[in-house]
1. Suppose we keep just the DSSP beta bridges with both residues in the chain; what percent of those would be antiparallel, to 5?
2. Semi-axes of the equivalent ellipsoid of region 86-175: what are they in whole Å, largest first, if each equals the square root of 5 times a C-alpha gyration tensor eigenvalue?
3. Would you mind putting 23-32, 128-137 in packing order, based on average other-beta-carbon counts within 10 Å, highest first?
4. Using only alpha carbon pairs under 8 Å that are at least six residues apart, calculate the relative contact order of the chain and give it in whole percent.
5. Per DSSP helix of 4 or more residues, -39500 (n - 2.57); summed, then divided by the residues of the chain. What does that give at 222 nm, rounded to the nearest 500?
6. Over the chain, what percent of the accessible surface lies on carbon and sulfur atoms, probe 1.4 Å?
7. Once each part is reduced to its C-alpha centroid, what is the distance from region 24-92 to region 110-170 in angstrom?
8. Using only the alpha-carbon atoms, how far is helix 5-15 inclined from the longest principal axis of the chain? Give it as 0 to 90 degrees, nearest 10.
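The values are calculated or read from the model by the stated rules, or taken from the named source; none is laboratory data. Remember, it's a predicted structure, so these values are computed and weren't measured experimentally. Ideal geometry is used to build each Cβ from the backbone, glycine not excepted, and the neighbour counts take in all protein chains shown. Areas reflect the complete protein model, heavy atoms only, side chains present, ligands, DNA and RNA absent. Shrake-Rupley method; radii C 1.70, N 1.55, O 1.52, S 1.80 Å.
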Amino acid sequence: DNQIGSSGCSALAKALPDSHIKVLNLECTNIGNVGSSALAGVLPNSHVTTLNLARNLIGGAGVSALAKALPDSYITVLNLENTFIGNFGFSALARVLPNTQIKFLTLARNEIGDAGVSALAKALPDSHVTTLNLEINRIGEAGGSALANALPNTQIKTLNLSKNEIGNEGCSALA
């Protein structure tokens, strides 16, 4: 793992607007919410279309900063797997999702529950998301049902809900 940390990420963020980088992979680099916030500040002025921040302790605050920048960015692929965003960060992301260009969204392993996925379900019909990975979260029957109600009005072609707690009612709604 390359532990560039928040200071390295901040330095990288300063150089990003003058670069031609389209794919930025910062998985497991210990950037934290400070590094995520630094990236958020420059994303609208960059050429980045794919952003992988998986396995970083970004938290709700870091994702909220990122969410504010996404509508003005070129990001079409966003990987926030195992970034500890929780329901707060998830809801912040859901609020801006319809105003972004995101098509591929990975939010696996974030302990997202029914409240967070319900907020996402409301945003999905107005978004461009075609692939959604919600694997290994805490989505229960209510969250599964909320997604099921939204799906017919979305562009989603690929949905990963494996290893959640959707139960019989949620599965029946999704079937």
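1. Once the DSSP bridges in the chain are tallied, antiparallel ones form about 0 percent.
2. One finds semi-axes of 18, 14, 11 Å for region 86-175.
3. Averaged packing, sorted descending, gives the order 128-137, 23-32.
4. 15
5. Helix contribution divided over all residues of the chain: -12000 deg cm²/dmol.
6. Whole-percent figure for carbon plus sulfur exposure: 49.
7. Taking the Cα centre of each part, region 24-92 and region 110-170 sit 20 Å apart.
8. 70
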